[in-house]
1. Using Cα springs under 10 Å in a Gaussian network model of the chain, which residue among Val27, Val100, Val52 shows the largest mean-square fluctuation?
2. Report the charge-dipole magnitude of the chain in Debye, nearest 20, computed about the Cα centre from +1 at each Lys and Arg Cβ and -1 at each Asp and Glu Cβ.
3. Contact order normalised by length for the chain, with contacts defined as Cα pairs under 8 Å and 6 or more residues apart; what percent is it?
4. Go ahead and estimate [θ] at 222 nm for the chain from helices alone: -39,500 (n - 2.57) per DSSP H run with n ≥ 4, summed, over the residue count, rounded to 500.
5. With θ set to phi - 60° and the Karplus curve 6.51 cos²θ - 1.76 cosθ + 1.60, what are the ³J(HN,Hα) couplings of the range 48-61 in order, to the nearest whole Hz, using x for Gly and Pro?
6. If you take every residue apart from Tyr144 with its C-beta less than 9 Å away from the C-beta of Tyr144, what net charge results, scoring Lys and Arg +1 and Asp and Glu -1?
7. Run the 1.4 Å probe and let me know the accessible area of Glu124, rounded to the nearest 10 Å².
8. Quick check: net charge around Asn113, other residues with Cβ under 10 Å of its Cβ, Lys/Arg +1 and Asp/Glu -1?
Amino acid sequence: VVSSFAFVGCASIRGTEQPTGGANLAVATQYWFRGVPQSEEMVAQGDATVSVPFKNGDSLAFTTWGNYQLSNSSGDAVFADRNGGDFSEIDLTGTYTTKVDDATVFGGVISYNFPNAVGVSTHELFAGATFDGECLSQTVTAYYDVDQADDFYLTYGVSHTCALDDRFTGTVSG
């Protein structure tokens, strides 16, 4: 009965737009996180996201991201050796996004999970905003680790996206 009410309630705030999804896969020569080498050997990294739009323009997204070790050695890095052919990290993220005036404001939680004993799992809360200008988009995000570090981390980024043709866009960011 409770799930029926939740479903009806969600349907009334969700509107008519359908959820969207996407996935990415990359192969990298190394994996660094916030300036710290996690693996100095080849890795494969992928993610999958499902985003549910609401009729007021807000959205709720769920993302799963993973780092897969392609080598049994991680070099002189955080992750231990002997994890070739295994996931060394799997992150789960929930993000709520809304518009406030000219800014896109977002926040959520990230669960960092380290299977195969390569690290201690932890959770972060995050909040940020993106400001789209005529030429550049700027994003600032604050992260707070509630389990392990008990500390803040701030990021700032600038990007520019332009249409390459009617099907493709290009983005430069840093």
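The values are calculated or read from the model by the stated rules, or taken from the named source; none is laboratory data. Please read all numbers here as calculations on a predicted model, not as lab measurements. Glycine also receives a Cβ, built like all others from the backbone with ideal geometry; neighbour counts cover every protein chain displayed. Only protein heavy atoms, including side chains, enter the accessible area calculation; ligands, DNA and RNA are left aside. Shrake-Rupley method; radii C 1.70, N 1.55, O 1.52, S 1.80 Å.
1. Answer for the Gaussian network model of the chain: Val100.
2. About 500 debye.
3. 12
4. Theoretical 222 nm ellipticity from helices: -2500 deg cm²/dmol.
5. Values, residue by residue: 9, 10, 10, 10, 10, x, 10, 5, 7, x, 6, 8, 10, 10 Hz.
6. Numbers: positive: none; negative: Glu124, Asp145, Asp150, Asp151.
That sum, taken over residues with Cβ under 9 Å, equals -4.
7. Per-residue accessible area (Glu124): approximately 10 Å².
8. Values: positive: none; negative: Glu89, Asp91.
For residues surrounding Asn113, the net value is -2.
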